[in-house]
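The structure under discussion appears below in the form of structure tokens.
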Amino acid sequence: MKKNGKFYITTPIYFPSGSWHLGTCYTTVMCDCLARFKRMQGKDVFYLTGTDEHGQKIETNAKNAGMTPKAYVDEKVGKLKELWKLLGISYDKFIRTTDKEHVAAVQKIFTRLYEKGDIYLSEYEGHYCVPCESFWTDAQLKDGKCPDCGRDVKLMKEESYFFRLSKYQDRIIKHIEENPEFLEPKSRKNEMINNFLKPGLTDLCVSRTSIKWGIPVPFNPKHVIYVWIDALNNYITALGYGSDDEKLFKQFWPADIHMMGKEIVRFHSIIWPAFLMALDIPLPKKVYAHGWMTFSGDKISKSKGNTVDPVVLSDRYGVDAVRYYLLREIPFGQDGNYTNSIFLSRINTDLANDLGNLVSRTAAMIGQYNGGLLPKASARTSDDDKLIAQAEGLLPKITEFTDKLLVPEALNEIIKLAQACNKYIDVNAPWILKKNGDTDRLNTVLYNLAETIRIIAVALTPYLPDTAEKILAVFEVAQGNAGFDSITKFGGLKQGIAVTKIPPLFPRIDIEKELKIFEADALETQNAQLAAAVKADAPSADKADKNEKAATETVVDDGMISIDDFAKIRLKTAKVIACEKVEKSEKLLKLTVRLGAETRTIVSGIAHKYTPQEMVGKNVIVVANLKPAKLKGIVSEGMILCAEDEERNLSIAAPENGDFPDGSTVR
Ligand code: MSP
């Protein structure tokens, strides 16, 4: 594909504290998905991440571990890189603030600002929070403690260099107001202007004499450069700014997106632009502050002790299950809640049922009905045209959403296409076409399914790269042929290629069993808060799963029964006259059925295969003398009969003659 422009995206540089949880992975996974998306659009992408390694906290941690700060950070950085590798983070550069190129460039920047008069020497007094590495004014303290983490602060006074932040206040306000795309989401813009900029900026302390572990001020080495001027400049030093080779800087600056969590947006939308203005460097195009991943409503964080381990989740359920959850669950600019049960349900519904099942079922049908070779499509029906239009419309839709950072919406479009394929299978029933010897139609249906799945897989690549690769391998599609330009038109798959069967991409999870494991793990950590949250999560999901099981379980007895036994079961024909989804259930539908003169309510576990709209008007066979049972608070008066194959596809049993009167006995 022809290169069409550049794209520079950054995460904040991470504290090498050594404990990374699901929340911390959000920024890198989101940026990774955008970087991969832009690469597939043909852009020259530079994706930067790294580590923020200086400051008193690291100095103290290293001392406690009996290590030098450098040895301490080296070990932690190694671990962080392993985590990013596990999650498939495709960064182009990993910058460390201890890199000698960064150190030299930051010293140059500091000197330049000093010579320009934007940095001056004075004295600082304030309340300092060591873990947060932040000074707070009296007004900012919350009950005398750090407003961020709630811990004790200490009053500190020392000779310090200051940056003239106040000088840039009006220019920053003007920039934010005149460039609505600069700071997103909009709510953050109002917050920055009203809470920080309008009340007035005070000059910023940018050096310390009390800390040793940092970059020395070149012309006064008893001071080290204090955190933000060191950390924020990574975004330009990583491109060679301030070195002998500024080629990358010229190519990629200004950044297209600086992405970060909302707690550090102030530094990125006020302090960072002021540094850049002082250096006469253009501002980044966009600063985007995402919401937090919360656990049962509370921000996931190490200090709160409610961490969720991405390595454990990836090992148990696959990396793409974790990526999917992160990308799907945090709405644009808002917080997204994690609970074990929501996580597991998402895997079962979207990934196992809608996507994975579609792929294995289609590959299995091509194996069974056409010897594993992709057949040729012939004349299209209007049903085919609908599916094809949806498939060809997928790329424009996900592009529109992803460009606006509406990644959950983009993923939803992809899953919607998978759902449309599943419906297409149910409506076209390839097994019946096979039985009736309608080979042309069968071949067309199989081809359309395979080709739509290829389009789904290519579209899925930036979000779930491993899964996409596995799906494409089923249809012999090599990486080089899986670019976005290959999915603008339907029909890319060649007739006759070998289609390989694959095991389920996301095996269905026994949610009840898994939640018990989570509960046991949480208890083992001796963390009462975490254990309580996990326990609170368990019962509802537990109950829902049990109910759904009860609803779908048919009484099966391998032994023979007598005709008298069978006669005890009263089967009747019925017509569905109304139907709706049962709230908070993946599987249950509430149906109103007519059996001649009688009307009943039946709750049935078929929602994963049939929509309420599809059910209305259908003829069914019901077990009419089943003891009523309460499912999700609804009394169910009977059971609908369905056939179920090995892949858990359902087909509703009904009298052959569609006009047969409802309420008739089935024998
Ligand atoms: N070192 C600073 C950034 C300096 S940038 C010049 C820092 N590091 S961090 O390790 O604490 O955070 C790294 C990223 O993880 C940030 O984007 C932060 O918002 C994100 N998250 C940490 N916990 C999070 C959640 N619970 N949810 C979502 N993102 C969160 O800040």
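The values are calculated or read from the model by the stated rules, or taken from the named source; none is laboratory data. Quantities reported herein were computed from a predicted structural model and do not represent experimental measurements. Positions of Cβ are generated from backbone atoms using ideal geometry, with glycine treated the same way; all protein chains shown enter the neighbour counts.
Can you find, within the stretch 460-494, the residue that is nearest to the chain's Cα centre (by Cα) among those that are polar (S, T, N, Q) and either assigned to a loop (DSSP other than H, G, I, E, B) or surrounded by fewer than 19 Cβ atoms within 10 Å (Cβ to Cβ) (or both)?
Within the stretch 460-494, the match that is nearest to the chain's Cα centre (by Cα) is Thr461.
Might you check whether a residue that is under 35 Å from the mean Cα position of the chain (by Cα) and touching a residue at least 12 places away in the same chain (Cβ under 8 Å) occurs anywhere in the stretch 107-128? Before you say what the answer is, go through the steps one by one.
Within the stretch 107-128, the first condition is being under 35 Å from the mean Cα position of the chain (by Cα), and the residues that meet it are none.
Among the residues of the stretch 107-128, not one is under 35 Å from the mean Cα position of the chain (by Cα) and touching a residue at least 12 places away in the same chain (Cβ under 8 Å), which makes the answer no.
Does Ala238 meet the test of being of a type in the set (A, V, I, L, M, F, W, C), within 13 Å of the ligand (Cβ to nearest atom) and buried (at least 21 other Cβ atoms within 10 Å of the Cβ)? Can you show your working first?
Values: of a type in the set (A, V, I, L, M, F, W, C): yes; within 13 Å of the ligand (Cβ to nearest atom): yes; buried (at least 21 other Cβ atoms within 10 Å of the Cβ): yes.
Considered against the rule, which asks whether it is of a type in the set (A, V, I, L, M, F, W, C), within 13 Å of the ligand (Cβ to nearest atom) and buried (at least 21 other Cβ atoms within 10 Å of the Cβ), Ala238 comes out as yes.
When both residues are 6+ apart or on different chains and their Cβ atoms are under 7 Å apart, which pairs have a first residue that lies in the stretch 490-504 and is in contact (Cβ under 8 Å) with a residue 12 or more places away in the chain, and a second that is among the β-branched types (Val, Ile, Thr) and surrounded by 11 or more Cβ atoms within 10 Å (Cβ to Cβ)?
Matching pairs, first to second residue: Phe490/Ile388; Val499/Ile366; Val499/Val474; Thr500/Val474; Ile502/Val359; Ile502/Val474.
Just checking, which of Gly66, Gly78, Gly18, Gly42 is in a helix (DSSP H, G or I) and either modelled with pLDDT of 95 or more or within 16 Å of the ligand (Cβ to nearest atom) (or both)?
Gly78
Can you say whether Ile211 is out of contact with any Leu (no Cβ under 9 Å at 6 or more places or on another chain), within 16 Å of the ligand (Cβ to nearest atom) and farther than 30 Å from Lys404 by Cβ, as far as the supplied structure shows?
So Ile211 fits the description; yes.
Every residue, every condition in (1) at pLDDT 95 or above; (2) surrounded by fewer than 21 Cβ atoms within 10 Å (Cβ to Cβ); (3) of a type in the set (Val, Ile, Thr), yes or no:
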site: Leu406; (1), (2), (3): yes, yes, no
site: Ala410; (1), (2), (3): yes, no, no
site: Ile415; (1), (2), (3): yes, yes, yes
site: Val445; (1), (2), (3): yes, no, yes
site: Asn448; (1), (2), (3): yes, no, no
site: Val458; (1), (2), (3): yes, no, yes
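Would you pick out the residues in the stretch 592-621 that are in a strand (DSSP E or B), under 29 Å from Leu358 (Cβ atoms) and more than 35 Å from the chain's Cα centre (by Cα)?
Those that are in a strand (DSSP E or B), under 29 Å from Leu358 (Cβ atoms) and more than 35 Å from the chain's Cα centre (by Cα): Ile602, Asn619, Val620, Ile621.
Condition first: away from the ligand (no atom under 13 Å from the Cβ) and part of a helix (DSSP H, G or I). Now tell me which residues in the stretch 250-269 satisfy that. Let's see the steps before the verdict.
Residues of the stretch 250-269 away from the ligand (no atom under 13 Å from the Cβ): 250-254, 256.
Result: Lys250, Gln251, Phe252.
Of all residues in the stretch 214-235 being assigned to a loop (DSSP other than H, G, I, E, B) and within 36 Å of the chain's Cα centre (by Cα), which is nearest to the ligand (Cβ to nearest atom)? Before the answer, list the steps.
Keep residues of the stretch 214-235 that are assigned to a loop (DSSP other than H, G, I, E, B), which gives 214, 217-223, 226, 233.
Those still in the list that are within 36 Å of the chain's Cα centre (by Cα) too: 214, 226, 233.
Working: Gly214: 14, Tyr226: 13, Asn233: 8 Å.
Ranking the qualifying residues of the stretch 214-235, first place goes to Asn233.
Starting from the stretch 249-267, keep only residues that are farther than 18 Å from Tyr47 by Cβ, then list their pairs with residues that are assigned to a helix (DSSP H, G or I) and within 12 Å of the ligand (Cβ to nearest atom) whose Cβ atoms are within a distance under 6 Å, requiring at least 6 positions of separation or different chains.
Short answer, once both residue conditions are applied: Phe267/Trp228.
Can we say Phe37 is modelled with pLDDT of 95 or more, of a type outside the set (Gly, Ala, Ser), surrounded by 21 or more Cβ atoms within 10 Å (Cβ to Cβ) and out of contact with any Pro (no Cβ under 6 Å at 6 or more places or on another chain)?
In short, no.
Of the residues Leu631, Leu626, which is surrounded by 15 or more Cβ atoms within 10 Å (Cβ to Cβ), closer than 12 Å to Leu571 by Cβ and in the same structural domain as Lys581 (by TED's automatic domain parsing)?
Leu626
Can you name the condition, by its number, that Gly333 falls short on among (1) touching a helix residue (DSSP H, G or I) at 6+ places or on another chain (Cβ under 9 Å); (2) more than 13 Å from the ligand (Cβ to nearest atom)?
(2)
Does Ala459 count as in the same structural domain as Glu392 (by TED's automatic domain parsing), more than 24 Å from Thr349 (Cα to Cα) and among the hydrophobic types (A, V, I, L, M, F, W, C)?
Criteria not met by Ala459.
Checking the condition in contact (Cβ under 8 Å) with a residue 12 or more places away in the chain, over 20 Å from Ala289 (Cα atoms) and either of a type in the set (Val, Ile, Thr) or near the ligand (Cβ under 10 Å from one of its atoms) (or both), which residue from Thr60, Thr10, Thr49 passes?
Just a single option satisfies the conditions, and that option is Thr60.
If you go through the stretch 268-280 one residue at a time, do you hit one that is touching a Ser or Thr at 6+ places or on another chain (Cβ under 8 Å) and touching a residue at least 12 places away in the same chain (Cβ under 8 Å)?
Checking the stretch 268-280: not a single residue is touching a Ser or Thr at 6+ places or on another chain (Cβ under 8 Å) and touching a residue at least 12 places away in the same chain (Cβ under 8 Å).
Out of the stretch 391-419, which residues are closer than 17 Å to Lys489 by Cα and either among the small types (Gly, Ala, Ser) or not in a helix (DSSP H, G or I) (or both)?
Here is the first cut: in the stretch 391-419, the ones closer than 17 Å to Lys489 by Cα are 391-399, 414, 417.
Once the filter is applied, which keeps residues that are closer than 17 Å to Lys489 by Cα and either among the small types (Gly, Ala, Ser) or not in a helix (DSSP H, G or I) (or both), the stretch 391-419 yields Ala391, Gly393.
What's the total number of residues in the stretch 270-301 that are within 12 Å of the ligand (Cβ to nearest atom), in contact with a strand residue (DSSP E or B) (Cβ under 8 Å, 6 or more places away or on another chain) and among the hydroxyl-bearing types (Ser, Thr, Tyr)?
2
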